[in-house]
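The structure under discussion appears below in the form of C-alpha coordinates.
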Amino acid sequence: MAREIMHDFCTTCRKETSYKLYKRKIHKVIKDKEYEFEITVAKCDECGSDMDIPGLLDKNSDEVDRQYRDAEGLVGIDDIQKLIDIYNIGKAPLSLALGFGEITITRYLLGQIPSKEYSDVIRKALSSPKHMIELLKQNKDKIGDAAYKKAIKAAEEVARLFCVSDKMLLTISYIFEQMREITPLALQKILYYIQGIYIVSYGEPLYEEDCMAWVHGPVYEGVYNLFKDFKYNPIEDDRFAIFKNRFEELSEQEKAVIDLVINTFGKYSGKVLEDITHEESPWKNARMGYEATESSREKISKDEIKKYFSYIAEKFGVRSEDSLNAYIQSFM
Ligand SMILES: [Zn+2]
(Lines give C-alpha, C1' and ligand atoms only; values in the text may rest on other atoms or scores of the structure.)
Protein backbone atom coordinates (compact mmCIF):
# COMPACT_ATOMS: atom_id res chain seq x y z
CA MET A 1 0.00 0.00 0.00
CA ALA A 2 1.43 3.36 -1.00
CA ARG A 3 2.02 5.58 1.98
CA GLU A 4 1.98 9.28 1.83
CA ILE A 5 5.45 10.66 2.56
CA MET A 6 5.35 13.15 5.42
CA HIS A 7 7.71 16.09 5.80
CA ASP A 8 8.47 18.52 8.54
CA PHE A 9 11.32 20.60 9.91
CA CYS A 10 14.01 18.53 11.66
CA THR A 11 15.68 20.59 14.37
CA THR A 12 18.80 18.37 14.22
CA CYS A 13 19.25 18.47 10.45
CA ARG A 14 18.12 22.14 10.46
CA LYS A 15 16.05 21.59 7.34
CA GLU A 16 12.82 20.09 6.00
CA THR A 17 13.15 16.29 5.96
CA SER A 18 10.84 13.32 5.58
CA TYR A 19 9.85 11.28 8.61
CA LYS A 20 7.98 8.13 9.55
CA LEU A 21 5.81 7.29 12.55
CA TYR A 22 6.77 4.53 14.96
CA LYS A 23 5.23 3.03 18.05
CA ARG A 24 7.29 3.27 21.21
CA LYS A 25 6.71 1.78 24.62
CA ILE A 26 7.24 4.11 27.54
CA HIS A 27 7.08 3.56 31.27
CA LYS A 28 5.38 5.92 33.57
CA VAL A 29 4.74 5.89 37.29
CA ILE A 30 1.30 7.06 38.34
CA LYS A 31 0.33 7.00 42.00
CA ASP A 32 3.28 4.71 42.87
CA LYS A 33 2.40 2.16 40.22
CA GLU A 34 4.39 1.62 37.05
CA TYR A 35 2.56 1.41 33.74
CA GLU A 36 3.68 0.67 30.21
CA PHE A 37 2.07 2.84 27.57
CA GLU A 38 2.46 2.86 23.83
CA ILE A 39 2.93 6.21 22.16
CA THR A 40 3.58 7.34 18.60
CA VAL A 41 6.87 9.03 17.71
CA ALA A 42 8.04 10.67 14.49
CA LYS A 43 11.61 9.93 13.45
CA CYS A 44 13.60 11.87 10.88
CA ASP A 45 14.47 9.62 7.91
CA GLU A 46 17.88 11.27 7.57
CA CYS A 47 19.31 11.55 11.09
CA GLY A 48 16.94 9.30 13.04
CA SER A 49 16.18 11.78 15.77
CA ASP A 50 12.70 12.33 17.17
CA MET A 51 10.79 15.14 15.53
CA ASP A 52 8.24 17.38 17.12
CA ILE A 53 5.23 17.13 14.83
CA PRO A 54 2.26 19.40 15.45
CA GLY A 55 -0.60 17.51 17.10
CA LEU A 56 1.49 14.50 18.06
CA LEU A 57 1.91 15.53 21.67
CA ASP A 58 -1.84 15.95 22.12
CA LYS A 59 -2.51 12.64 20.41
CA ASN A 60 -0.05 10.89 22.72
CA SER A 61 -1.42 12.43 25.86
CA ASP A 62 -4.92 11.33 24.81
CA GLU A 63 -3.55 7.85 24.10
CA VAL A 64 -1.79 7.57 27.45
CA ASP A 65 -4.92 8.79 29.19
CA ARG A 66 -7.01 6.18 27.40
CA GLN A 67 -4.53 3.36 28.09
CA TYR A 68 -4.31 4.31 31.74
CA ARG A 69 -8.10 4.31 32.09
CA ASP A 70 -8.29 0.95 30.30
CA ALA A 71 -5.61 -0.53 32.56
CA GLU A 72 -7.43 0.63 35.67
CA GLY A 73 -10.94 -0.09 34.35
CA LEU A 74 -11.92 3.58 34.68
CA VAL A 75 -14.66 5.31 32.72
CA GLY A 76 -13.67 7.63 29.89
CA ILE A 77 -14.81 11.18 29.24
CA ASP A 78 -17.17 9.89 26.55
CA ASP A 79 -18.84 7.61 29.11
CA ILE A 80 -19.54 10.61 31.31
CA GLN A 81 -20.87 12.58 28.35
CA LYS A 82 -23.11 9.61 27.56
CA LEU A 83 -24.46 9.64 31.11
CA ILE A 84 -25.41 13.30 30.69
CA ASP A 85 -27.07 12.62 27.34
CA ILE A 86 -28.93 9.46 28.33
CA TYR A 87 -30.40 10.92 31.52
CA ASN A 88 -30.95 14.41 30.15
CA ILE A 89 -29.28 15.99 33.13
CA GLY A 90 -26.86 18.88 33.64
CA LYS A 91 -23.33 18.52 35.00
CA ALA A 92 -24.05 19.94 38.46
CA PRO A 93 -27.28 18.01 39.14
CA LEU A 94 -25.60 14.85 37.87
CA SER A 95 -22.70 15.38 40.25
CA LEU A 96 -25.10 15.78 43.14
CA ALA A 97 -27.24 12.82 42.13
CA LEU A 98 -24.16 10.62 42.17
CA GLY A 99 -23.22 11.89 45.60
CA PHE A 100 -20.19 13.85 44.35
CA GLY A 101 -19.30 17.47 44.91
CA GLU A 102 -21.13 19.88 42.65
CA ILE A 103 -18.27 20.47 40.19
CA THR A 104 -16.77 16.97 40.13
CA ILE A 105 -18.39 15.98 36.83
CA THR A 106 -17.27 19.24 35.26
CA ARG A 107 -13.69 18.46 36.27
CA TYR A 108 -13.93 14.95 34.86
CA LEU A 109 -15.23 16.31 31.57
CA LEU A 110 -12.18 18.56 31.44
CA GLY A 111 -9.93 15.53 31.71
CA GLN A 112 -9.37 14.90 35.38
CA ILE A 113 -9.25 11.17 35.95
CA PRO A 114 -11.79 9.82 38.46
CA SER A 115 -10.83 7.48 41.28
CA LYS A 116 -11.79 3.85 40.87
CA GLU A 117 -14.52 4.31 43.46
CA TYR A 118 -16.14 7.26 41.68
CA SER A 119 -15.61 5.63 38.31
CA ASP A 120 -17.57 2.59 39.48
CA VAL A 121 -20.39 4.83 40.67
CA ILE A 122 -20.51 6.41 37.21
CA ARG A 123 -20.41 3.07 35.43
CA LYS A 124 -23.19 1.67 37.53
CA ALA A 125 -25.40 4.70 36.88
CA LEU A 126 -24.63 4.37 33.19
CA SER A 127 -25.49 0.73 32.94
CA SER A 128 -28.44 0.53 35.30
CA PRO A 129 -31.27 2.99 34.80
CA LYS A 130 -32.98 1.47 37.82
CA HIS A 131 -30.00 2.38 39.95
CA MET A 132 -29.96 5.88 38.46
CA ILE A 133 -33.62 6.34 39.38
CA GLU A 134 -32.79 5.38 42.97
CA LEU A 135 -29.92 7.86 43.06
CA LEU A 136 -32.12 10.62 41.69
CA LYS A 137 -34.80 9.92 44.28
CA GLN A 138 -32.29 9.82 47.12
CA ASN A 139 -30.81 13.16 46.12
CA LYS A 140 -33.98 14.83 44.94
CA ASP A 141 -33.69 17.73 47.39
CA LYS A 142 -30.15 18.58 46.40
CA ILE A 143 -30.75 18.44 42.67
CA GLY A 144 -33.68 20.85 42.44
CA ASP A 145 -37.16 20.24 41.17
CA ALA A 146 -36.84 21.08 37.48
CA ALA A 147 -33.66 19.07 36.92
CA TYR A 148 -35.06 16.19 38.94
CA LYS A 149 -38.25 15.95 36.90
CA LYS A 150 -36.38 16.08 33.61
CA ALA A 151 -33.85 13.45 34.63
CA ILE A 152 -36.32 11.07 36.24
CA LYS A 153 -38.48 11.14 33.12
CA ALA A 154 -35.47 10.28 30.95
CA ALA A 155 -34.28 7.58 33.34
CA GLU A 156 -37.70 5.96 33.43
CA GLU A 157 -37.78 5.87 29.65
CA VAL A 158 -34.37 4.19 29.56
CA ALA A 159 -35.46 1.80 32.30
CA ARG A 160 -38.47 0.76 30.29
CA LEU A 161 -36.17 -0.05 27.42
CA PHE A 162 -33.80 -1.95 29.64
CA CYS A 163 -36.30 -4.08 31.44
CA VAL A 164 -34.07 -7.12 31.57
CA SER A 165 -32.39 -8.51 34.65
CA ASP A 166 -28.95 -7.40 35.65
CA LYS A 167 -27.50 -10.84 34.97
CA MET A 168 -29.00 -10.76 31.50
CA LEU A 169 -27.40 -7.36 30.87
CA LEU A 170 -24.02 -8.65 32.04
CA THR A 171 -24.30 -11.72 29.87
CA ILE A 172 -25.16 -9.68 26.79
CA SER A 173 -22.28 -7.34 27.60
CA TYR A 174 -19.90 -10.29 27.66
CA ILE A 175 -21.29 -11.75 24.43
CA PHE A 176 -20.83 -8.38 22.69
CA GLU A 177 -17.26 -8.25 23.95
CA GLN A 178 -16.45 -11.75 22.69
CA MET A 179 -18.35 -11.88 19.42
CA ARG A 180 -17.59 -9.45 16.66
CA GLU A 181 -20.93 -9.69 15.02
CA ILE A 182 -24.25 -10.99 16.21
CA THR A 183 -27.82 -10.61 15.00
CA PRO A 184 -30.77 -10.37 17.37
CA LEU A 185 -31.88 -13.84 16.24
CA ALA A 186 -28.50 -15.44 16.99
CA LEU A 187 -28.29 -13.59 20.30
CA GLN A 188 -31.61 -15.06 21.42
CA LYS A 189 -30.46 -18.57 20.67
CA ILE A 190 -27.08 -18.08 22.34
CA LEU A 191 -28.85 -16.78 25.47
CA TYR A 192 -31.12 -19.80 25.45
CA TYR A 193 -28.23 -22.28 25.23
CA ILE A 194 -26.30 -20.44 27.93
CA GLN A 195 -29.31 -20.69 30.23
CA GLY A 196 -29.79 -24.40 29.48
CA ILE A 197 -26.18 -25.34 29.99
CA TYR A 198 -25.93 -23.22 33.11
CA ILE A 199 -29.03 -24.76 34.66
CA VAL A 200 -27.91 -28.31 34.06
CA SER A 201 -24.33 -27.59 35.18
CA TYR A 202 -25.09 -25.67 38.38
CA GLY A 203 -28.68 -26.57 39.20
CA GLU A 204 -29.92 -22.99 38.97
CA PRO A 205 -30.71 -20.58 36.14
CA LEU A 206 -28.24 -17.86 35.19
CA TYR A 207 -30.99 -15.30 34.58
CA GLU A 208 -34.44 -15.05 36.06
CA GLU A 209 -36.24 -14.38 32.76
CA ASP A 210 -38.30 -17.04 31.08
CA CYS A 211 -38.21 -17.29 27.34
CA MET A 212 -41.21 -17.83 25.12
CA ALA A 213 -41.79 -20.19 22.24
CA TRP A 214 -42.10 -17.77 19.36
CA VAL A 215 -42.29 -18.78 15.74
CA HIS A 216 -38.51 -18.42 15.28
CA GLY A 217 -37.54 -20.35 18.40
CA PRO A 218 -37.09 -19.44 22.06
CA VAL A 219 -37.13 -15.68 22.64
CA TYR A 220 -36.47 -13.52 25.70
CA GLU A 221 -39.00 -10.77 25.16
CA GLY A 222 -37.16 -7.99 27.02
CA VAL A 223 -34.07 -8.66 24.95
CA TYR A 224 -36.16 -8.78 21.81
CA ASN A 225 -37.54 -5.32 22.57
CA LEU A 226 -34.06 -3.96 23.10
CA PHE A 227 -32.75 -4.97 19.72
CA LYS A 228 -35.78 -5.29 17.49
CA ASP A 229 -34.80 -2.26 15.40
CA PHE A 230 -31.92 -4.27 13.97
CA LYS A 231 -34.24 -6.88 12.45
CA TYR A 232 -32.01 -9.45 10.73
CA ASN A 233 -28.91 -7.24 10.77
CA PRO A 234 -26.00 -7.42 13.20
CA ILE A 235 -26.43 -5.38 16.34
CA GLU A 236 -24.17 -2.37 16.27
CA ASP A 237 -25.03 0.86 17.91
CA ASP A 238 -23.57 3.42 20.22
CA ARG A 239 -26.62 3.10 22.43
CA PHE A 240 -25.26 -0.18 23.62
CA ALA A 241 -22.11 1.33 25.00
CA ILE A 242 -24.24 1.04 28.09
CA PHE A 243 -23.15 -2.61 28.12
CA LYS A 244 -19.45 -1.82 27.87
CA ASN A 245 -17.20 -3.52 30.42
CA ARG A 246 -20.13 -4.62 32.54
CA PHE A 247 -19.14 -8.26 32.09
CA GLU A 248 -16.35 -7.81 34.63
CA GLU A 249 -19.03 -8.40 37.25
CA LEU A 250 -19.62 -11.94 36.01
CA SER A 251 -17.97 -14.80 37.90
CA GLU A 252 -15.41 -17.09 36.25
CA GLN A 253 -17.95 -19.89 36.38
CA GLU A 254 -20.52 -17.80 34.54
CA LYS A 255 -18.02 -16.64 31.95
CA ALA A 256 -16.86 -20.21 31.34
CA VAL A 257 -20.38 -21.30 30.38
CA ILE A 258 -20.84 -18.28 28.11
CA ASP A 259 -17.46 -18.97 26.44
CA LEU A 260 -18.45 -22.57 25.90
CA VAL A 261 -21.62 -21.54 24.07
CA ILE A 262 -19.93 -18.78 22.06
CA ASN A 263 -17.21 -21.18 20.89
CA THR A 264 -19.70 -23.82 19.78
CA PHE A 265 -23.23 -22.59 19.02
CA GLY A 266 -21.78 -19.14 18.35
CA LYS A 267 -20.14 -20.38 15.17
CA TYR A 268 -23.51 -20.85 13.51
CA SER A 269 -25.95 -18.34 12.07
CA GLY A 270 -29.12 -17.43 13.88
CA LYS A 271 -31.09 -19.31 11.24
CA VAL A 272 -29.16 -22.56 11.78
CA LEU A 273 -29.59 -22.22 15.54
CA GLU A 274 -33.27 -21.53 15.06
CA ASP A 275 -33.60 -24.77 13.10
CA ILE A 276 -31.91 -26.69 15.90
CA THR A 277 -34.20 -25.23 18.56
CA HIS A 278 -37.17 -26.29 16.42
CA GLU A 279 -36.02 -29.88 16.86
CA GLU A 280 -35.74 -29.61 20.63
CA SER A 281 -38.52 -30.60 23.00
CA PRO A 282 -38.76 -27.40 25.12
CA TRP A 283 -39.76 -25.34 22.10
CA LYS A 284 -41.76 -28.13 20.46
CA ASN A 285 -43.76 -28.89 23.61
CA ALA A 286 -44.53 -25.23 24.23
CA ARG A 287 -45.71 -24.90 20.64
CA MET A 288 -48.10 -27.82 20.80
CA GLY A 289 -51.39 -26.94 19.18
CA TYR A 290 -49.92 -23.97 17.30
CA GLU A 291 -49.48 -23.75 13.55
CA ALA A 292 -45.90 -23.23 12.35
CA THR A 293 -46.38 -19.53 11.65
CA GLU A 294 -48.88 -18.81 14.38
CA SER A 295 -47.57 -16.44 17.01
CA SER A 296 -47.62 -17.57 20.62
CA ARG A 297 -46.61 -16.24 24.00
CA GLU A 298 -46.27 -19.68 25.57
CA LYS A 299 -43.60 -19.74 28.22
CA ILE A 300 -40.82 -22.29 28.05
CA SER A 301 -40.42 -23.12 31.72
CA LYS A 302 -37.01 -23.43 33.32
CA ASP A 303 -37.96 -26.96 34.42
CA GLU A 304 -38.60 -27.91 30.84
CA ILE A 305 -35.23 -26.44 29.86
CA LYS A 306 -33.51 -28.27 32.69
CA LYS A 307 -35.09 -31.56 31.69
CA TYR A 308 -34.01 -31.24 28.09
CA PHE A 309 -30.47 -30.12 28.84
CA SER A 310 -30.09 -32.97 31.32
CA TYR A 311 -30.81 -35.25 28.42
CA ILE A 312 -28.11 -33.48 26.35
CA ALA A 313 -25.73 -33.72 29.29
CA GLU A 314 -26.31 -37.44 29.58
CA LYS A 315 -26.13 -38.24 25.90
CA PHE A 316 -23.38 -35.81 24.76
CA GLY A 317 -22.09 -33.93 27.79
CA VAL A 318 -22.30 -30.15 28.22
CA ARG A 319 -18.98 -29.33 29.87
CA SER A 320 -16.69 -29.28 26.84
CA GLU A 321 -16.68 -27.81 23.35
CA ASP A 322 -16.27 -31.31 21.88
CA SER A 323 -19.45 -32.53 23.56
CA LEU A 324 -21.46 -29.54 22.42
CA ASN A 325 -20.07 -29.76 18.89
CA ALA A 326 -21.12 -33.41 18.79
CA TYR A 327 -24.60 -32.37 19.88
CA ILE A 328 -24.79 -29.72 17.15
CA GLN A 329 -23.43 -32.15 14.57
CA SER A 330 -26.23 -34.57 15.37
CA PHE A 331 -28.60 -32.14 13.62
CA MET A 332 -26.50 -31.66 10.48
ZN1 LIG B 1 17.08 15.00 10.95
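I'd like to verify a number: residues in the stretch 224-265 that are out of contact with any helix residue (DSSP H, G or I) (no Cβ under 6 Å at 6 or more places or on another chain) and either at pLDDT 90 or above or hydroxyl-bearing (Ser, Thr, Tyr) (or both), how many?
Within the stretch 224-265, residues that are out of contact with any helix residue (DSSP H, G or I) (no Cβ under 6 Å at 6 or more places or on another chain) and either at pLDDT 90 or above or hydroxyl-bearing (Ser, Thr, Tyr) (or both) number 10.
Of all residues in the stretch 251-268 being part of a helix (DSSP H, G or I) and free of Cβ contacts under 8 Å to residues at least 60 places away in the same chain, which is surrounded by the fewest Cβ atoms within 10 Å (Cβ to Cβ)?
Among those residues, the one meeting the criterion is Glu252.
Could you identify the single residue in Thr106, Thr40 that is away from the ligand (no atom under 16 Å from the Cβ) and more than 28 Å from Ile143 (Cβ to Cβ)? Break it down stepwise before answering.
Details: Thr106 fails: more than 28 Å from Ile143 (Cβ to Cβ).
Only one candidate passes the filter, namely Thr40.
Would you confirm whether or not the stretch 19-33 contains a residue that is away from the ligand (no atom under 16 Å from the Cβ), loosely packed, with under 14 Cβ neighbours inside 10 Å, in contact (Cβ under 8 Å) with a residue 24 or more places away in the chain and closer than 20 Å to Ser115 by Cβ?
yes
Identify, from the list Ser119, Ser95, Ser127, the residue that is touching a residue at least 60 places away in the same chain (Cβ under 8 Å), more than 16 Å from the ligand (Cβ to nearest atom) and buried (at least 17 other Cβ atoms within 10 Å of the Cβ).
The unique qualifying residue is Ser127.
The rows are residues; the columns are (1) touching a residue at least 24 places away in the same chain (Cβ under 8 Å); (2) out of contact with any Phe, Trp or Tyr (no Cβ under 7 Å at 6 or more places or on another chain); (3) not in a helix (DSSP H, G or I).
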site: Ala292; (1), (2), (3): yes, yes, yes
site: Asp303; (1), (2), (3): no, yes, no
site: Phe309; (1), (2), (3): yes, yes, no
site: Arg319; (1), (2), (3): yes, yes, yes
site: Met332; (1), (2), (3): no, yes, yes
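Please state which one of Ile199, Ile182, Ile172, Ile194 is buried (at least 20 other Cβ atoms within 10 Å of the Cβ), touching a residue at least 24 places away in the same chain (Cβ under 8 Å) and assigned to a loop (DSSP other than H, G, I, E, B).
Values: Ile199 fails: assigned to a loop (DSSP other than H, G, I, E, B); Ile172 fails: assigned to a loop (DSSP other than H, G, I, E, B); Ile194 fails: assigned to a loop (DSSP other than H, G, I, E, B).
Exactly one residue qualifies, and that residue is Ile182.
Which residues, counting only those in the stretch 292-323, are within 16 Å of Leu206 (Cβ to Cβ) and within 28 Å of the chain's Cα centre (by Cα)?
Ile300, Ser301, Lys302, Ile305, Lys306, Phe309, Val318, Arg319
Can we say Ile53 is among the β-branched types (Val, Ile, Thr), more than 16 Å from the ligand (Cβ to nearest atom) and touching a residue at least 40 places away in the same chain (Cβ under 8 Å)?
Values: among the β-branched types (Val, Ile, Thr): yes; more than 16 Å from the ligand (Cβ to nearest atom): no; touching a residue at least 40 places away in the same chain (Cβ under 8 Å): yes.
No.
Pairs please, first residue from the stretch 217-237 and closer than 20 Å to Tyr174 by Cβ, second anywhere and exposed (fewer than 14 other Cβ atoms within 10 Å of the Cβ) and among the charged types (D, E, K, R), Cβ atoms under 7 Å, 6+ apart in sequence or on different chains.
Pairs found: Pro234/Glu181.
Among the residues of the stretch 184-219, write down those that are over 23 Å from the mean Cα position of the chain (by Cα) and among the hydrophobic types (A, V, I, L, M, F, W, C). Lay out the reasoning, then the answer.
Here is the first cut: in the stretch 184-219, the residues over 23 Å from the mean Cα position of the chain (by Cα) are 199-204, 212-217.
Within the stretch 184-219, Ile199, Val200, Met212, Ala213, Trp214, Val215 meet the criteria.
Give me the pairs, please: first residue somewhere in the stretch 273-288 and more than 21 Å from Leu187 (Cβ to Cβ), second residue anywhere and in a helix (DSSP H, G or I), beta-carbon distance under 6 Å, and either six or more positions apart or on two chains.
Ser281/Tyr308
Might you check whether a residue that is among the acidic types (Asp, Glu) and at pLDDT 90 or above occurs anywhere in the stretch 83-102? Spell out the reasoning first.
In the first step, residues of the stretch 83-102 are kept if they are among the acidic types (Asp, Glu); the result is 85, 102.
So of that shortlist, the ones also at pLDDT 90 or above come out as 102.
There is at least one residue in the stretch 83-102 that is among the acidic types (Asp, Glu) and at pLDDT 90 or above.
Go through (1) within 30 Å of Thr104 (Cβ to Cβ); (2) among the β-branched types (Val, Ile, Thr); (3) in contact with a helix residue (DSSP H, G or I) (Cβ under 7 Å, 6 or more places away or on another chain) and name the single condition Val64 misses.
Among (1) within 30 Å of Thr104 (Cβ to Cβ); (2) among the β-branched types (Val, Ile, Thr); (3) in contact with a helix residue (DSSP H, G or I) (Cβ under 7 Å, 6 or more places away or on another chain), the lone unmet condition for Val64 is (3).
Looking at the stretch 48-91 only, could you name the residues that are within 21 Å of Lys137 (Cα to Cα) and in contact with a Phe, Trp or Tyr (Cβ under 8 Å, 6 or more places away or on another chain)? Before the answer, list the steps.
Within the stretch 48-91, the subset within 21 Å of Lys137 (Cα to Cα) is 80, 82-91.
Of everything in the stretch 48-91, just one residue is within 21 Å of Lys137 (Cα to Cα) and in contact with a Phe, Trp or Tyr (Cβ under 8 Å, 6 or more places away or on another chain), namely Ile80.
So in the stretch 65-83, with the set limited to residues that are surrounded by 17 or more Cβ atoms within 10 Å (Cβ to Cβ) and among the aliphatic types (A, V, I, L, M), which one is farthest from the ligand (Cβ to nearest atom)?
Per the stated criteria, the residue is Leu83.
The values are calculated or read from the model by the stated rules, or taken from the named source; none is laboratory data. All of these numbers come straight from a predicted model, not from anything done at the bench. Neighbour counts run over all protein chains shown; Cβ positions are idealised from the backbone, glycine included.
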